[in-house]
1. So for the chain, averaging the separation of alpha carbon pairs under 8 Å that are six or more residues apart and normalising by length, what relative contact order in percent results?
2. Within the range 189-276, report the trypsin sites (Lys or Arg not before Pro) that DSSP leaves as loop and that have at most 15 other Cβ atoms within 10 Å.
3. Report the full-extension gain for the segment GLN80 to LYS138: residue separation times 0.36 nm, less the Cα-Cα distance, to one decimal in nm.
4. Rounded to the nearest 0.05, what FRET efficiency is calculated for HIS181 and TRP309 with R0 set to 35 Å and r the Cβ-Cβ distance?
5. Dipole of the range 184-335, Cα-centred, from +1 at each Lys and Arg C-beta and -1 at each Asp and Glu C-beta, to the nearest 20 debye?
6. If R0 is 41 Å, what FRET efficiency do you get for LYS193 and ASN90 from their C-beta distance, rounded to 0.05?
7. With each label point set 7 Å from Cα along the Cα-Cβ vector, what nm distance links GLU281 and LYS259?
8. Starting from the Cα of LYS136, draw a straight line to each of the aspartates and glutamates and keep only those under 18 Å, dropping any in the same chain fewer than 8 residues away.
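Read-outs throughout are calculated quantities, based only on the coordinates presented, and are distinct from any laboratory measurement. The structure displayed is predicted, hence computed values, not measured ones. Here Cβ is always computed from backbone atoms with ideal geometry, including for glycine, and neighbour counts include all displayed protein chains.
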Amino acid sequence: MTIICLIAAPNGVSARETLRVLTWDGYADNDVVSAFEQRFDVSVEVTYVTSDDDLWEKVNRDSYDVFAVNTAELQRYIDQGLSKAITLQNIPNHRQQLPRFQNLEAVAGLVRQDNTYAIPYTYSEMGLIYNRKMVKDKPLSMAAMWDPDYRGRVLAFNTSNHNFSLVGLLMGLANPFRMDHAELAQAARELVKLRRNVLTFYATAEEAAALFAKYDIALLFGNYGTQQLKALIETGADIGYVIPREGALAWLDCWAITKNAKNPELAEKWINYTLEQNVSERLTARHGLANTITAPPNTSTEEDNNIIWLEPVLDPMHRKALWDRIISGEGPEAF
């Protein structure tokens, strides 16, 4: 007779703790995750998102512990009670971040009523990438994506918030993040016109690079910024990069903890771990994204002046509803 013995672990613990990470591609590579698992004797489950709309839906629908979100989007997670304040003392590596990120109260959207809700991790502007072989004159504006000469040869990003803000900039609005319903309707009609030029609305930097290599793409809206530049250059693409004259939207992605995190202390260990110099610098070396530990190469004052940091948008769900109608194929007269 064979006897099977089940030996319980001390204190009734039968399995390692699991950290559930919701993030963007490149922020939690396999080797980075494996090193964290080994150091803290835990398991990590990584789920990737492809847009801010996707992130919002997943946080509202599923269970995660820590997630990556830009400062503008973070505000609605705080407003809806979906994020939890961070114990800053548990993030000692915050003290080695660049000076501009050490004063968290100086970064809009991170601190409310003396509570810190997120820690900066990486950032980039969203410029215009162009194919030097197909675009002879350097484009000066995002308006080039609407040029009929590039019909079927434009790649745009599948998201509601940035696309409306981008058109708001082209419309000359003082604040493209606070567009009213009439302005959004006008922008929707312009986005329908853009649809004629777009080969497809991509989701990830890797997808965009693959499409760029396979098809005759002239222009690409660089939602992932320098990460996309690096990916395309590594494929041998002959490309240029433009900060348009109307300005380029820019994001600052941070780590935040969900309100229902099962182990917020473990989530804080993850945040602190990603701020180790070798981990942060790997993000830059491997993916071309700026980190918050090492100073980036100097940029020109003119370029800095053309960077427009994202702000919370007015009525994001209305933007999302309009965007779903646009990509479903509705015509301009419907708006």
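1. 28 percent
2. On the way: sites: ARG189, LYS193, ARG195, ARG196, LYS214, LYS230, ARG245, LYS259, LYS262, LYS269; in loops: ARG245, LYS259, LYS262.
Within the range 189-276, the qualifying trypsin sites (Lys or Arg not before Pro) (loop, at most 15 other Cβ atoms within 10 Å) are ARG245, LYS259, LYS262.
3. 16.5 nm
4. With R0 = 35 Å, the Cβ-Cβ based efficiency is 0.90.
5. Dipole size: approximately 440 debye.
6. Values: r = 50 Å, r/R0 = 1.21.
Efficiency at R0 = 41 Å is approximately 0.25.
7. Rounded to a tenth, the inter-label distance reads 4.1 nm.
8. Cα-Cα hits under 18 Å: ASP147, ASP149, ASP216, ASP238.
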